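The values are calculated or read from the model by the stated rules, or taken from the named source; none is laboratory data. Please read these numbers as outputs of a predicted model, since none were measured by experiment. With ideal geometry, Cβ positions are generated from the backbone for all residues, glycine too; neighbour counts draw on all protein chains shown. Keep in mind that these areas ignore ligands, DNA and RNA; they rest on the heavy atoms of the full protein, side chains included. Shrake-Rupley method; radii C 1.70, N 1.55, O 1.52, S 1.80 Å.
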Amino acid sequence: MARIDITQSETAGKFMKRFVTASRALEDGGLAETTQELVKIRASQINGCGVCLDAHVKDAAAAGETPVRLALIAAWRDTNVFTDAERAALALTEEGTRIADRSHPISDATWAEVTKHYDDDQAAILIGLIAVINTYNRINVLTGQLGGDYVPGAW
C-alpha cells in the first residue's frame, strides 16, 4: 500500500506536472525508443522500482522488444543480444545510477564507449533519461507505490 497518494497532494501535483513537462524534452531527440526503454528498465531494476519496471517492460514489449532481450537486461554484460551502442548506454545507466558507489562514478572507458556510439545530443538525452528515471524510481520507492496495474502506452 502506498505511503501517500501523490495525486492528492497539491505540492506533489505541482512538482510532478513540471517534472513531466521537463522530461518530455528528451522523448523526440533522436535516441532509439528501444535504447530509451533499456535505460529505464535497467535503472529501475537497480533501484527496485516496481512501478517503473511494470510500465517500461510493458511499453518495451508493446513496441516490439523481444521477451529474451527483456529477460536478459540485468545480465547484459553476459549476453550477445545487445548491440555495442546499447551496451554503452547500459553501462552509463549503471554507473550513473550507482554514483555513490565510487569516487569517480563514470569511468573514462564507459564515456569513451558512449561517445563512440552517440553524438552530443544523444549523449545528453542518455544523461537526461538516467537522471529522470532515477528521480521517478526514487519518488515511487519513497512513497511506496506498487507496480502491476500499468496498461501499455498509458504514460
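Annotation note: Cβ proximity below 6 Å between a residue of the stretch 139-155 that is within 13 Å of residue 5 (Cα to Cα) and a residue that is of a type in the set (Val, Ile, Thr) and not in a loop (DSSP other than H, G, I, E, B) (sequence gap 6+ or interchain) occurs for 140/51; 145/51. Over 23 Å from residue 144 (Cα atoms) and not small (Gly, Ala, Ser), is that true of residue 27? Spelling it out, residue 27 is indeed over 23 Å from residue 144 (Cα atoms) and not small (Gly, Ala, Ser).
Within the stretch 25-38, the residues that satisfy the criterion of being outside any loop (DSSP other than H, G, I, E, B) and of a type outside the set (Asp, Glu) are 25, 26, 34, 35, 36, 38. Only one entry in 22, 60 is assigned to a helix (DSSP H, G or I) and open to solvent by less than 40 Å² (accessible area, probe 1.4 Å), namely 60. In this structure, residue 41 does not satisfy being β-branched (Val, Ile, Thr), in contact with a Ser or Thr (Cβ under 8 Å, 6 or more places away or on another chain), assigned to a helix (DSSP H, G or I) and closer than 26 Å to residue 153 by Cβ. Counting the residues of the stretch 70-115 that are touching a residue at least 24 places away in the same chain (Cβ under 8 Å) and not in a loop (DSSP other than H, G, I, E, B) gives 18. The condition (being touching a helix residue (DSSP H, G or I) at 6+ places or on another chain (Cβ under 7 Å), open to solvent by 20 Å² or more (accessible area, probe 1.4 Å) and of a type in the set (A, V, I, L, M)) is satisfied by just one residue among 81, 68: 81.
I'm trying to understand the selection: among the residues of the stretch 8-33, which are farther than 14 Å from residue 132 by Cβ, under 22 Å from the mean Cα position of the chain (by Cα) and of a type outside the set (Lys, Arg)?
Start the filter on the stretch 8-33 by keeping residues that are farther than 14 Å from residue 132 by Cβ, which leaves 8-14, 17, 28, 30, 32-33.
Next cut, under 22 Å from the mean Cα position of the chain (by Cα) only: 12-13, 17, 28, 30, 32-33.
Passing the criteria: 12, 13, 28, 30, 32, 33.
Conditions tested, residue by residue: (1) under 15 Å from residue 44 (Cα atoms); (2) modelled with pLDDT under 95.
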| residue | (1), (2) |
| --- | --- |
| 89 | yes, no |
| 95 | yes, no |
| 102 | no, yes |
| 105 | no, yes |
| 110 | no, no |
| 113 | no, no |
| 116 | no, no |
| 121 | no, yes |
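The set of residues from the stretch 129-155 being closer than 15 Å to residue 37 by Cβ and either at pLDDT 95 or above or in a helix (DSSP H, G or I) (or both) comprises 129, 130, 132, 133, 136, 137.
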